[in-house]
1. Taking the stretch 688-733, which residues are open to solvent by less than 20 Å² (accessible area, probe 1.4 Å), under 19 Å from LYS667 (Cβ atoms) and of a type outside the set (Ser, Thr, Tyr)?
2. Give ARG78, ARG86 a once-over and let me know the one that is within 23 Å of ASP361 (Cα to Cα), open to solvent by 30 Å² or more (accessible area, probe 1.4 Å) and assigned to a strand (DSSP E or B).
3. In the set ALA91, ALA44, which member is at pLDDT 85 or above, within 45 Å of the chain's Cα centre (by Cα), open to solvent by 70 Å² or more (accessible area, probe 1.4 Å) and within 19 Å of ILE300 (Cα to Cα)?
4. Please count how many residues of the stretch 734-753 are open to solvent by less than 60 Å² (accessible area, probe 1.4 Å) and part of a loop (DSSP other than H, G, I, E, B).
5. LYS315 is checked against (1) of a type outside the set (Gly, Ala, Ser); (2) surrounded by fewer than 24 Cβ atoms within 10 Å (Cβ to Cβ); (3) farther than 22 Å from ARG86 by Cα and fails just one. What number does that condition carry?
6. Would you be able to say whether some residue in the stretch 506-529 is of a type in the set (A, V, I, L, M), at pLDDT 95 or above and under 30 Å from TYR386 (Cβ atoms)?
7. Hey, can you tell me all the residues within the stretch 537-564 that are within 50 Å of the chain's Cα centre (by Cα) and hydroxyl-bearing (Ser, Thr, Tyr)?
8. Within the stretch 692-709, can you find the residues that are in contact with a Gly (Cβ under 8 Å, 6 or more places away or on another chain) and in a loop (DSSP other than H, G, I, E, B)?
Amino acid sequence: MKRRVWLTLGAVVLGGGGVTYAVASPSSDSGATGRAKRPVKVYALALKGTAADRQDLARTDTSQFSMLGVSWTGATTRLHGTAQVRTRSTATGEWSAWRDLELNVDPLEKPGRGVRGASEPLWVGSSDGVQVQVVRKNGTTTALPKGLEVNLVDPGVVTDAEAEAPGSEPAAFVAEGSPDATSSSTPADPASPGDGTVVTPTDGQTATSPAPTDTTTSTAAPTDSSSASASASPSASPSPTGPTAPPSTRPQPPIVDRAGWGADESISPQAPEYNADVKAVFVHHTDGANDYSCTDSPSIVRSIYAYHVQVEGWKDIGYNFLVDKCGTIFEGRKGGVDLPVLGAHTYGWNRESAGIAVLGDYTTTSASNAALASIARLAAWKLGQYGADPAGTTQLTAGATQKNYFSTGFTAGSAYTFQRISGHRDGYNTQCPGNTLYPQLPTIRAWAAGPVQGLKITSLGGATASGSTYYTKGAITAHWTATTPGSLIKSFQLLVDGKTVATASGTATSVGATLPLGSHTIAVRAVHQSGKTATSSALTVVAETTAPTFTTTPRISLRSGTVNTSAVPVTLGWKATDDKALQSVKLLSPTTATFSPTTTSSSRTATSGTATTWSMRAYDYAGNYRTSSPAYTPAILQESSATKTGSWTTRSSTSYLGGKSYSSGSKGAGLTWTFTGRSVAWVVSRASTSGQAYVYVDGTKAATVDLKSATTLYRQAIWTKSWSSSAKHTIKVVVVGTSGRPTVTTDGLVYIK
């Protein structure tokens, strides 16, 4: 087992890629309080092997780092092959799978002597081990470049918030015996300056090779502001020869300034350069993992900054702005976020554009809506300073002769048409910004330019639809959605009959109003931050306060079925109407039920001998309602209460209503009941031997009832009759004397009073 020596390491990259290290005493304070902030550290490990076709670095223990890349001597030299890395996580101790480094990096137009060729940096998260292999492409005769090394970046802890975060202490160590772990690699280009000489390279950028020291690379301590804090304050004033920031037609989004993400301004002391204007914005991705925490975003930005300056030898970070997956915008190259700062992001097109890079790899994963919205806001604001439509096109003059990803050729000095918001691949032969982010650019353009996309009313609170018409008593709340993010919307307006009656913020999703009586059209208008408007489809809404009516009062009538001394079968009937649109009728008591507007009856049971209120409520679609609550009492007349004629025999059984019944097989035997009510039912027993009976109502024969049944049934309401109102009636049943089955067995009558 290798013995681990715990150190705090600092390093300064020399012009040729070598490093020097400084060793500091370990901290004695392990708590968050009083914990010393640690600076960004950049250091390098030289690769070994045959320079012509392959160079490697075996698994090597390192100090803590979170970003890495491969670099080599000579900025104009291209690496024709593959570079792959594996890293060991400090959290799990596990080694990752092999990961490719992006080598197709934009060249520099006039690279200085201190500028190195390099891959794109790769964010890998907190790691303490690395393995590298660089292999020449099959079939090529071009040897691998000289001075190959892997460059590791520890983003450090540079703000109070980061210093107080759990796990912010470095896991710094070097494995004893690790190759090149404590020695500097020899610069491969003796002509590279190492004394701080300023050279004039590339795309208008100025690079300085920092002089080697024996101290840790320092990082300027920011103010007490959090690394994740957003700053919308005015940027640094331009130099006397710099441009004046023009006002924009769009609002400036919140931007975390360089102090906010912990930029060490001492490593890039050169003054910024400025373009005349910004005609276009190029969208990039930075490569690396997408599963980073957004609390790590400042660390990622610091690491890219250190890589561009201390590994590649640039004067500053290349991008003008960076955006993380949570939508936080970071200031990139210094010089003033509201000024046309010359960046180094898109080969041949930096002189008339700004570069926005999204943290992460969007080759197979789509960018988040939060990131897309921030790009759209940022691009709209930046282009708005120069009166440019984010959805439009512009003419850019090529600064280099080359081809882009789509094999479109460009000649230096000639003008070509570009979208105002373009992808990196539109200008240079690279996959950037990735095969999934690139197809999202039309969405960014649409969001940035306006009008608001996908606006529609999703619901109307306080109103109910019947077909295509909504009904309300007056107060409504319109709810809507839009695919354009609220951060790009100035306001929403509720339109009633084409006139604005209420206004809500751009992030709102609802607003209320009260409508006057009558029919109206309702729509929502969205005002984009550009001033362009979009209006939803209109809805027809009727405001009315007239309640429904019961044209037939709810009433119960007896129906066929089994009768008990506690409950009898009834039919509840009613009829309700509305002057606009009846929605439903609800039974409120003695039980509850809801019926459609076309339903007018329901089979129920009623409690015998008890006055029961049958409360019903009719609703219209506006929410108006009317209640009707009549009361009815079902009453049982036992057979013993009838006036008898002819011969009848009393029978006793628990199966009979009240435990007894009358039975007769004598032709002409009769039973007569008199009552006052609105509905009546004759209750009998039925069997296969049961006969027939005549039923007389108020002296008139009303029916011949056959009591025969394949199965024996007791307490059956077999014949019923109802009237529109309560009145005195007489019911008489007479035995027919049916041949072979003359017997009639009766329990009595049930009536509703």
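1. Selection gives GLY691, ALA693, VAL695, VAL705, LEU707, VAL733.
2. Criteria check complete, one pass: ARG86.
3. ALA91
4. The qualifying residues number 6.
5. For LYS315, the failing item is (2).
6. Within the stretch 506-529, one or more residues are of a type in the set (A, V, I, L, M), at pLDDT 95 or above and under 30 Å from TYR386 (Cβ atoms).
7. SER537, THR540, THR545, THR546, THR549
8. Across the stretch 692-709, the qualifying residue is only LEU707.
The values are calculated or read from the model by the stated rules, or taken from the named source; none is laboratory data. Owing to the predicted nature of the structure, the values given are computational and were not obtained by experimental measurement. We place every Cβ from the backbone using ideal geometry, glycine too, and count neighbours over all the protein chains shown. Note: areas computed on protein heavy atoms with side chains; ligands, DNA, RNA excluded. Shrake-Rupley method; radii C 1.70, N 1.55, O 1.52, S 1.80 Å.
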